[in-house]
1. Does residue A:155 count as in contact with a Phe, Trp or Tyr (Cβ under 7 Å, 6 or more places away or on another chain), open to solvent by 20 Å² or more (accessible area, probe 1.4 Å) and away from every other protein chain (no Cβ under 11 Å)?
2. Looking at (1) open to solvent by less than 50 Å² (accessible area, probe 1.4 Å); (2) at pLDDT 95 or above; (3) assigned to a loop (DSSP other than H, G, I, E, B); (4) touching a helix residue (DSSP H, G or I) at 6+ places or on another chain (Cβ under 8 Å), which is the one condition that is false for residue B:135?
3. I need every pair where a residue in segment B:109-124 that is of a type in the set (Lys, Arg) has its Cβ under 8 Å from the Cβ of a residue that is in a loop (DSSP other than H, G, I, E, B) and open to solvent by 10 Å² or more (accessible area, probe 1.4 Å), sequence separation at least 6 or different chains.
4. Out of curiosity, is residue A:176 in a loop (DSSP other than H, G, I, E, B) and open to solvent by 30 Å² or more (accessible area, probe 1.4 Å)?
5. Please list, ordered by first then second residue, the pairs with beta carbon atoms under 7 Å, 6 or more apart or interchain, first in segment A:246-262 and more than 7 Å from chain D (Cβ to nearest Cβ) and of a type in the set (Phe, Trp, Tyr), second open to solvent by 40 Å² or more (accessible area, probe 1.4 Å) and part of a helix (DSSP H, G or I).
6. Which of the residues belonging to segment C:54-73 are open to solvent by 10 Å² or more (accessible area, probe 1.4 Å) and either among the aliphatic types (A, V, I, L, M) or assigned to a strand (DSSP E or B) (or both)?
7. When both residues are 6+ apart or on different chains and their Cβ atoms are under 8 Å apart, which pairs have a first residue that lies in segment B:59-77 and is polar (S, T, N, Q), and a second that is buried (at least 23 other Cβ atoms within 10 Å of the Cβ)?
8. Of these, D:240, D:223, which one is of a type in the set (Asp, Glu) and without any contact (Cβ under 8 Å) to a residue 12 or more places away in the chain?
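The values are calculated or read from the model by the stated rules, or taken from the named source; none is laboratory data. Bear in mind that the values here come from a model prediction, so they are computed numbers and not experimental data. Heads up, the Cβs are rebuilt from the backbone with ideal geometry, glycines too, and the neighbour counts pull from every protein chain shown. Quick note on the areas: whole protein, heavy atoms, side chains included, nothing else; ligands and nucleic acids left out. Shrake-Rupley method; radii C 1.70, N 1.55, O 1.52, S 1.80 Å.
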Number of protein chains: 4
Amino acid sequence: MCDKSHGDIAQIVADSGAVGADLLIAEQVTELVTANHILYAQGVVDAFGHVSVRHATRGDCFLMARNMAPGLVTEQDIIAFDLDCRPMNADGRSVYLERFIHGEIYKARPEVMAVVHSHSPSVVPFGVIKQSPFRAVCHMAAFVGVQPPIFDIRDVAGDGTDLLITDQALGAALAGTLGTNAVVLMRGHGSTAVGDSLRHAVFRAVYTEINARTQAQASQLGEIIFLSEAETRAAALSTEGQSDRAWNLWKRTAQSVHLSLLQQALLTEQ
Amino acid sequence: MCDKSHGDIAQIVADSGAVGADLLIAEQVTELVTANHILYAQGVVDAFGHVSVRHATRGDCFLMARNMAPGLVTEQDIIAFDLDCRPMNADGRSVYLERFIHGEIYKARPEVMAVVHSHSPSVVPFGVIKQSPFRAVCHMAAFVGVQPPIFDIRDVAGDGTDLLITDQALGAALAGTLGTNAVVLMRGHGSTAVGDSLRHAVFRAVYTEINARTQAQASQLGEIIFLSEAETRAAALSTEGQSDRAWNLWKRTAQSVHLSLLQQALLTEQ
Amino acid sequence: MCDKSHGDIAQIVADSGAVGADLLIAEQVTELVTANHILYAQGVVDAFGHVSVRHATRGDCFLMARNMAPGLVTEQDIIAFDLDCRPMNADGRSVYLERFIHGEIYKARPEVMAVVHSHSPSVVPFGVIKQSPFRAVCHMAAFVGVQPPIFDIRDVAGDGTDLLITDQALGAALAGTLGTNAVVLMRGHGSTAVGDSLRHAVFRAVYTEINARTQAQASQLGEIIFLSEAETRAAALSTEGQSDRAWNLWKRTAQSVHLSLLQQALLTEQ
Amino acid sequence: MCDKSHGDIAQIVADSGAVGADLLIAEQVTELVTANHILYAQGVVDAFGHVSVRHATRGDCFLMARNMAPGLVTEQDIIAFDLDCRPMNADGRSVYLERFIHGEIYKARPEVMAVVHSHSPSVVPFGVIKQSPFRAVCHMAAFVGVQPPIFDIRDVAGDGTDLLITDQALGAALAGTLGTNAVVLMRGHGSTAVGDSLRHAVFRAVYTEINARTQAQASQLGEIIFLSEAETRAAALSTEGQSDRAWNLWKRTAQSVHLSLLQQALLTEQ
């Protein structure tokens, strides 16, 4: 575990002693800011939700924004956390209440490099249904699989919680329900998607939403032919190999949306 | 009750004699304009609907725009009203027909500091259903509770009304149905949300809409697991404590939308 | 009927001999262009649909754009038609195939001053349902009434038509089905709304769409309490009296949307 | 079949020896770029999907973008392919995995001049339904017909595929299912529309989506009166004759959307 509790990300990197690590981290921070803006521009997050990436050279740390709306995040807002979710350079800035979603998944899934938690609008409805029918209905969301798990906080913490994952025990329970899946739904709350890269996790978060929207519409039309288990495996391999195509478009869209958010400031400066 | 019937807001403040009141009111007016723009940008109001805030230093007055679309409101359009809804500085400008929604709620609920009335598109459908199923389905809208009330004007004024709250008696009846709740649905008309600050009321108005959209979608998928009463209490406390995060994002979005509404004027001036 | 078949609108006005008529018509043309842009910006029309206004000083003529997408209409595109739908100043420009919707309604309803025909997206579904349940569900759309008529072209022209109102006989049949109502649905096609002013007809076209969207959503939630006949009469009177509030907002939105359509041209000119 | 495997489009044209061919092709390339942007701006494609046009002077070739998001395509990204889908001037650039959809349809349907493949959001749900009810519900989408075919890759390649059309055999099977129709749905995947010009195919792709959205909404309201077979024939003829009206609007919208995607770059250059 990281034992430093304050300092800037560059210093943390310097401490790691890895050759070229500073450049790697600078790129990670830039891409993490873009990921925040993409998730907002694609409607996966609104003012709430968060995305993290495992530190490029230190597997026992991860990077995530301070407590703020993803659409407004800049490079100065990125903070490093150890896997117990202690901020390493918060300098008094507030951090997300639910950072334990991220830390505990990174502990439980060493291959996971990025985590997206959201209240993605079409996914929340599937999370509140008894015996939820949610599963992959189209090839682009094949990673959803044939039986994605649902985490109900009542099962582990009883009735009367605020539904939030606010400590390590709840985070560990959520990671347990996630298991080896790509995405876990959270009853009355949202969902969490993971990936082996930041782009991968963002791709999955966006297409989890699209699968939910598609399945909801289909469910009103008749009996659905879902992807078979074999199809989900084959299609996940093919389609996720194309995820850079989406990233490149979404990055441009996100820059446009972010610019419009800053329009007032830009006009004032003219 | 305020006995002045005309004059500007600054004068009303000066009359109140409170130290620093003029600054407080200037801030309230600015924030009320922002609230108008946020509610439009978030799709809670269109050309209709209105938002008010209780006067910062005089609890027997409230501030609200003149009769106009919220998306176009500027600081010059804000008018002070007494709790009987007599405008104090209208100077002949027309005022909202339904201002009695606001005045009567401020009378009945001394702790309420802001009121939003809207025809929020996903909420209207829940208001026209016999034995409406509306209740909190996700943590962000926990304040909706387990049985939000519905006001049917037919119950108090009989058939044949125009459905509008156009006098004190109707306003008082609506406030009675609202009771101690955060939100009241109005049959064939819309809904009204209250809060202990302007940001709080705006947050609730936005998430009432989101809860309705989420519940409507979920209701097509199977039997819903709603938030329990204990969960609504705990989650309302947690999530409403984070409402500034939303306000900061929505303010930027609202500025962007408001700018685009003024784009023609800006271009003409160049 | 007008007997001129070519010439510009100013000349037609001069011929009418009415004092001040040229100014009146200039205002009508400007407002008609705005109406086109509003209907596009509000999603009532896309590339198809059209809006007309009865000539301010000659009740036997009406103004409408040449055959083009409403969102792109400029003042130069407005053409005058007689009530048999012969263009008076087309100068070879193509005109809408379905102009007979307008001419025949103006003949049948002397008090109607404006007509909007659209494929408004939420209204088309209600037009294709046997025993369609469409009726006023909220106060803003009270003018929809309790049993708006549906025109099925099969009833008057048999199977195998192209569903379009392409001659006077079909226009007259549609006007007959409209009767004294504010709006008529057209099976497999769209709808047509009328008003006693351009703003009134635009208001009704927009709120017909909103009523359809609201009713469709409500119909999934349970049994609906519709506006009673007495309520539709009272509420139509109150809400339509506020239609300028909507027009003022929509005009600004429309200017913004129209500007963005012209953005490429503006950039090129810089 | 074309036997050149590399070189630029101009050279391919020069080789064709047709008088004026270079101008024709330059226009085709420009219009193909616009078609890409229109399909993105209208929501028919997102990062995925592709559009092609048969070469203006060589019927045994077609033009399509390299492997990238349609919304970002420029003239430099257009590549010529022979009908076996070998790129003629890729110069190492990656090409769409599913180009065989295009090549095999051009082989099977000599009159088809353009092909659009998409995951159009409202169409995918109709493709996953057993005994899908999809058919023309409104006049603008009359070309959909009364029983558009659905291609299920399981029927020709068994369980366990990635659902993609990645070789000539699968492309030929899809073309077989398309038959003489305007559009074919693809189970768990999307749909493909064809036309006798690029504008025609784009028109059909957009209105296939609109028909799906309309039918889905109508199906929740009651029993639908669909267009009869005779009506689909008559209405397709009338409405598709008006498709330039839509193209002209969509082109402007697409330019505006494309500009906003490039906004960041434009600002940087100032």
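1. no
2. Going through the list (1) open to solvent by less than 50 Å² (accessible area, probe 1.4 Å); (2) at pLDDT 95 or above; (3) assigned to a loop (DSSP other than H, G, I, E, B); (4) touching a helix residue (DSSP H, G or I) at 6+ places or on another chain (Cβ under 8 Å), residue B:135 breaks only (1).
3. Pairs that qualify, where the first residue is of a type in the set (Lys, Arg) and the partner is in a loop (DSSP other than H, G, I, E, B) and open to solvent by 10 Å² or more (accessible area, probe 1.4 Å), are B:109/B:180.
4. Criteria not met by residue A:176.
5. Every condition considered, the pairs that remain are A:247/A:199.
6. Hits for segment C:54-73 are C:54, C:56, C:68, C:72.
7. These pairs meet every condition: B:67/B:96.
8. Only one candidate passes the filter, namely D:223.
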